[in-house]
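This report refers to the structure that appears directly beneath it.
The values are calculated or read from the model by the stated rules, or taken from the named source; none is laboratory data. These numbers come from a predicted model, not from an experiment. Please note: Cβ atoms are built from the backbone with ideal geometry, for glycine as well, and neighbour counts cover all protein chains shown.
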Amino acid sequence: MAQCQLAFDFRFYDFQTKNMKLTLKIWRQKNAAAEGKIVEYPIDHIEPDMSFLEMLDILNDELIMKGDEPVAFDHDCREGICGMCSLYINGEAHGPDRGVTTCQLHMRMFKDGDTIFIEPFRAKAFPVIKDLVVDRSSFDRIQHAGGFISVNTSGNTIDANTIPVNKKDADDAFDAAACIGCGACVATCKNSSAMLFVAAKVSQYALLPQGRIEATDRVLNMVSQMDAEGFGNCTNTGACEVECPKGISLENIARMNREYMSASLKG
Amino acid sequence: MAKSALLKSSIAKKVAMALSGLFLMLFLAQHFFINMTSVFNSDTFNSISHFMGNNPLVQYVIQPILVLGVIFHFTMGIVLEFKNNSARPISYAKNNGAANSSWASRNMIISGAVVLAFILLHFYDFWIPEMVYKYVDVNPLNETRYFSELVHKFESPVRTAIYCVSFLLLSLHLWHGFNSSFQSVGFNNKYSRSLHKLGYTFAIVVPFGFIFIALFHHFNH
Ligand code: SF4
Ligand code: FES
């Protein structure tokens, strides 16, 4: 007989309080050039089952009703796949939960009466556009520098599955490809380093035969673009791996270091 | 690839930091074993010290590399710290670093600065007099002076205390530095777990061993 499993973490569920009253301290900044500051907003009637972004939606409804400017924040899929929803919540990228993006974070992770700091991802390479929205196009430029393979798509394209790939390499490449380019690794790193993101992209291709052909140029170009964007240097604190919503491992950074050193010696 | 681009790259700097760190750890390990002999047998300590102090390979090849290694490691460490700080011009109002990383890993600049201060003191206190003794005053060889010199250094409680505190910070520096250097040179595989344990053991045994040697001589002589 099929068994029903309750996949719910009761540790964080406060059964007593269905209505949470919170104090939000949110970074407000009119535009890229303006000076920003933390503004305090009390909020009531928040339910533990709401997602964090739903809580912000409620705040924005209230602000709009009052005739105030709503808080600008990034979001798109709201199911943890697009990587848009950033936010540094109570001192952690995507808040206190593990393996989730902000859209997957629920209010049950907080307690009634909590004060919650909500700040934009901070890095020179991620400038604030407005309030909590940051410009992550530096990631796009790194991708453009080498995060692809060149394939003739004239109609004779060979099916990728015709080339046998070692299972371990295929799995590792797949794990690396899980990176959604959210930028939490940069936001959480004390050095604002983009190494985990770039390492995931480099590894994803380096592990597969289709990616090997351009592997040397790829790693050199992506790293040089990463440096040009003004990200800091990795010092292996490992914070990125802990905060990454997709569990991208530090092994990828070690692989990129190897790839980079052998590519520079070759090139 | 142009070599200048390689030298400017973040990964090359990271690998260079790791290699200089690995070299300094090797030096530390041999220094530790030599000093440890002083606890057991003063003659052994004297003869090894005499060998190290008068062997041309050690004196004219390894010693200059060591001095350059120390200078490179701390200069690069300071340069990278400034560069990394400037990669985040506005800091967070609330940051919970402890949630995802160790204190030791986030504060290498602090533990490094204390260790550097100690190295400078050690140079002033030991290395410069030793160089003057050998190469400026050109004293006659004395194969038995080393042990008494060592013991003499640990007479003062203040000096011994400074020594112990510095080595506590060195322990924190190695706690992160040992494993970090292997990760930087690209070593991350099925052996890494065992290597991490070795790293943590090294970070405890070597600095606390030095502290033990200092306290042993302080209280025994
Ligand atoms: S490595 Fe992880 S934290 Fe960094 S961008 Fe990719 S998914 Fe986000
Ligand atoms: S909104 Fe798409 S991952 Fe959160």
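Below, the figures for the structure above:
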| quantity | calculated |
| --- | --- |
| Filtered residue count, the stretch A:27-69, keeping only those that are within 14 Å of another protein chain (Cβ to nearest Cβ) and surrounded by 16 or more Cβ atoms within 10 Å (Cβ to Cβ) | 4 |
| Residues that are surrounded by 24 or more Cβ atoms within 10 Å (Cβ to Cβ) and either within 30 Å of residue A:161 (Cβ to Cβ) or more than 16 Å from the chain's Cα centre (by Cα) (or both), drawn from the stretch A:207-236 | A:207, A:219, A:222, A:223, A:226, A:232, A:234, A:235, A:236 |
| Any hit, the stretch A:137-150, residues being of a type in the set (Phe, Trp, Tyr), in contact with a helix residue (DSSP H, G or I) (Cβ under 7 Å, 6 or more places away or on another chain) and either within 16 Å of ligand 2 (Cβ to nearest atom) or more than 10 Å from every other protein chain (Cβ to nearest Cβ) (or both) | yes |
| Selection count where residues are farther than 21 Å from residue B:21 by Cα, part of a helix (DSSP H, G or I) and facing chain A (nearest Cβ under 7 Å), scope the stretch B:87-109 | 2 |
| Test: residue in the stretch A:231-242 that is within 14 Å of chain B (Cβ to nearest Cβ), within 12 Å of ligand 1 (Cβ to nearest atom) and more than 21 Å from residue B:77 (Cα to Cα) | yes |
| Residue list for the stretch B:103-147, restricted to those being in contact with a Lys or Arg (Cβ under 9 Å, 6 or more places away or on another chain) and modelled with pLDDT of 95 or more | B:105, B:106 |
| Pairs where the first residue, in the stretch B:91-109, is within 19 Å of residue B:81 (Cα to Cα) and the second is of a type in the set (Gly, Ala, Ser), C-beta under 6 Å, 6+ apart | B:95/A:91; B:101/A:238; B:101/A:239; B:106/B:97 |
| Boolean, residue A:59 is in contact with a His (Cβ under 6 Å, 6 or more places away or on another chain), away from ligand 1 (no atom under 16 Å from the Cβ), assigned to a helix (DSSP H, G or I) and not assigned by TED's automatic domain parsing to the domain that holds residue A:244 | no |
| Residues of the stretch B:158-190 classified as farther than 17 Å from residue B:18 by Cβ and over 16 Å from the mean Cα position of the chain (by Cα), total | 5 |
